[in-house]
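K.L.:
Got a structure here, written out as structure tokens. Questions coming.
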Amino acid sequence: MKKTLKEIADYVGGRIVGDENIVISGLDNIEGAGEHDLTFAVEPHIEEAKSTRAAAVMLPEGVEDFPRPALYVAEPRAAFASLLTLFTPKLVFSKGVSSEAHIGKDVKLGEDVTILPFACVDDHAVIGDRVTLYPGVYVGQYSEVGENTVIYSNATVREHCRVGKRCIIHSSAVIGSDGFGFTTKDGVHTKVPQVGNVVLEDDVEIGAHDGIDRAAMGSTVIGHGTKIDNLVHIGHNCKIGPNCLIVAQTGISGSTQVGHNVTFGGQVGTVGHINIGANSVYAARSGIIGDMPEGVFCAGFPVQSHTEWLRMQAAMKHLPELRKEVKRLTKELAKLQAAKE
């Protein structure tokens with residue numbers, strides 16, 4: 001695809017400083033961009049962008065005296081993201097059900113579905129309009145998949161689970177695996193039947209190799225607009241609020257309630273049966289061991305205020321020298337006591 005800088009500016013609603021007839025044929029980052037590419041920069045990378053080889057740079061309003069052709073917009077990240085969609089050709093598949101797919105009995109298929117070879121839609125499932133199921137997908141009995149949802153290869157939606165509209169489920173994710181529930185007697189672990197389900201509300205994205213456990217009873221719920229990275233585990237009976245961000249390798253234990261707009265950094269872990277307040281951020285590798293209020297920014301294990309955690313980390317760097325000083329003072333004190341005696 002080729003577009004002039006003016007055509008791109010019209011598309012994203014920006015203004016140009018420099019040659020508006022420059023032809024852009026690709027998009028790339030500051031370092032990788034070539035002479036026919038557009039890149040973008042925000043602080044602290046604007047100085048670096050001055051030496052890029054890109055044909056032009058997308059910048060936030062307010063940046064002055066930039067030495068290269070520039071396209072100014074209010075939000076460069078969002079505008080650049082929209083261009084990535086424009087410049088990336090969409091994959092095209094023939095609509096309909098492949099003869100190599102398996103469709104069970106009493107399945108309801110919506111209009112314009114795309115079900116590719118070796119996908120399996122089991123008995124009594126419901127597939128909404130314009131759903132795409134890639135090869136190797138399994139949709140279990142009595143499950144529902146909402147319209148415009150895409151499920152990538154080898155992902156599983158197990159029996160009785162419900163997937164909302166416009167969801168994305170990446171490869172090898174499992175929606176509705178059994179919750180980890182056992183009773184123990186005389187050293188023997190006996191499985192507790194997990195008879196609930198998982199509900200993904202609309203506009204949810206599930207990363208590759210995620211495991212979302214079905215509830216023991218009732219539903220495990222992932223709220224509207226929540227986005228989950230790869231390799232995340234959500235335990236049974238969790239309720240994750242709308243518009244959360246959950247980064248890779250996070251583990252949320254069973255029956256945890258999470259409010260809206262909560263961000264979990266990578267490798268965050270929680271105990272179960274707790275409430276985590278809305279509009280909060282937990283830095284990578286935080287360990288959450290109890291109920292948490294709304295609107296906090298926390299870090300560390302056990303979790304604490306991010307500011308306090310930073311102070312602690314700074315203090316820990318001085319522990320070796322403090323240890324030496326304590327030993328020295330202890331010896332001095334011993335000498336003074338001996339002399340006094």
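K.L.:
What percent antiparallel are the DSSP beta bridges of segment 214-320, to the nearest 5?
P.N.:
For segment 214-320, the DSSP antiparallel bridge percentage is about 10.
K.L.:
Using each residue's phi in segment 18-31, evaluate 6.51 cos²θ - 1.76 cosθ + 1.60 at θ = phi - 60° and report the 3J(HN,Hα) Karplus result to the nearest Hz, with x for Gly and Pro.
P.N.:
These are the phi-based 3J(HN,Hα) values: x, 6, 7, 8, 4, 9, 9, 10, x, 10, 7, 6, 4, 6 Hz.
K.L.:
Which order, highest average first, do 219-225, 41-47 follow once you tally other Cβ atoms within 10 Å for each residue and take the mean per peptide?
P.N.:
Ranked by mean Cβ neighbours within 10 Å, highest first: 219-225, 41-47.
K.L.:
Now a separate question. Taking only C-alpha pairs under 8 Å that are 6+ residues apart, what is the relative contact order of the chain in percent?
P.N.:
Rounded, it is 6 percent for the chain.
K.L.:
What spacing in nm lies between the two simple spin-label points modelled at Lys108 and His189, each 7 Å away from Cα in the Cβ direction?
P.N.:
Simple spin-label model gives 3.9 nm for this pair.
K.L.:
Something else: Put Met58, Met316 in order of accessible area, largest first, 1.4 Å probe: what do you get?
P.N.:
Met316, Met58
K.L.:
Based on Cβ point charges of +1 for Lys and Arg and -1 for Asp and Glu, what charge dipole magnitude is obtained for segment 1-99 about its Cα centre, in debye rounded to the nearest 20?
P.N.:
620 debye
K.L.:
Hey, got the dipole for segment 265-341? About the Cα centre, +1 on K and R Cβ, -1 on D and E Cβ, debye to the nearest 20?
P.N.:
Here segment 265-341 has a charge dipole of around 620 debye.
K.L.:
Which whole-number percent gives the relative contact order of segment 207-341, counting Cα pairs below 8 Å spaced six or more residues apart?
P.N.:
Relative contact order here is 13 percent.
K.L.:
Moving on. With unit charges on the beta carbon (Lys/Arg positive, Asp/Glu negative), name the residue among Gly241, Val188, Pro60 whose Cα is farthest towards the positive pole of the charge dipole of the chain.
P.N.:
Val188
K.L.:
Hey, what's the chain come to in accessible area per residue, 1.4 Å probe, Å²?
P.N.:
Per-residue value: 54 Å².
K.L.:
Would you compute the Debye intensity of segment 113-216 from its alpha-carbon atoms alone, equal scatterers and no solvent, and pass along log10 I(q)/I(0) at q = 0.16 Å⁻¹ to two decimals?
P.N.:
So the normalised log intensities work out to -0.62.
K.L.:
Mind telling me which of Ala284, Ala74, Ala248 comes out most flexible in a GNM of the chain, alpha-carbon contacts under 10 Å?
P.N.:
Maximum among the listed residues: Ala74.
K.L.:
Let me know the Kirkwood hydrodynamic radius for segment 244-283, please, with Cα pairs as the basis and the value in Å to one decimal.
P.N.:
Over segment 244-283, the inverse of the mean reciprocal pair distance is 10.0 Å.
K.L.:
Continuing with this model, one more query. Contact order normalised by length for segment 127-230, with contacts defined as Cα pairs under 8 Å and 6 or more residues apart; what percent is it?
P.N.:
For segment 127-230, the relative contact order is 22 percent.
K.L.:
Run the simple label-point estimate for Ser99 and Val326 please: 7 Å along Cα→C-beta, distance reported in nm.
P.N.:
For the pair Ser99/Val326, the computed spacing is 7.8 nm.
K.L.:
How much of the DSSP beta bridge set in segment 153-202 is antiparallel, as a percent to the nearest 5?
P.N.:
50 percent
K.L.:
Let me ask you something else. Eigenvalues of the Cα gyration tensor times 5, then square-rooted: what semi-axes does that give for segment 280-341, in whole angstrom, largest first?
P.N.:
With the √(5λ) rule applied to segment 280-341, the semi-axes are 41, 12, 8 Å.
K.L.:
Over the chain, with every protein chain in place, what whole percent of the accessible area is carbon and sulfur at 1.4 Å, could you tell me?
P.N.:
Carbon and sulfur atoms account for 54 percent of the accessible area of the chain.
K.L.:
What size of dipole, in debye to the nearest 20, comes out for the chain about its Cα centre when the only charges are +1 on Lys and Arg C-beta atoms and -1 on Asp and Glu C-beta atoms?
P.N.:
1320 debye
K.L.:
Shifting gears a bit: How would you order 116-129, 2-15 from highest to lowest mean count of nearby Cβ atoms within 10 Å?
P.N.:
116-129, 2-15
K.L.:
While we're on this one: Based on Cα positions only, what radius of gyration and what Dmax would you give for the chain, in angstroms?
P.N.:
When restricted to the Cα atoms of the chain, Rg and Dmax are 27.0, 98 Å.
K.L.:
Name the shape class, rounded, prolate or oblate, that the alpha-carbon gyration tensor gives for segment 1-80, where a ≥ b ≥ c are the square roots of its eigenvalues, rounded holds for a/c under 1.5, and otherwise prolate holds if a/b is larger than b/c and oblate otherwise.
P.N.:
It is rounded, given that a/c, with a ≥ b ≥ c, falls under 1.5.
The values are calculated or read from the model by the stated rules, or taken from the named source; none is laboratory data. Small disclaimer: the values here were computed from a predicted structure and weren't measured. So basically every Cβ, Gly included, is an ideal-geometry build from the backbone, and we count neighbours across all protein chains shown. Only protein heavy atoms, including side chains, enter the accessible area calculation; ligands, DNA and RNA are left aside. Shrake-Rupley method; radii C 1.70, N 1.55, O 1.52, S 1.80 Å.
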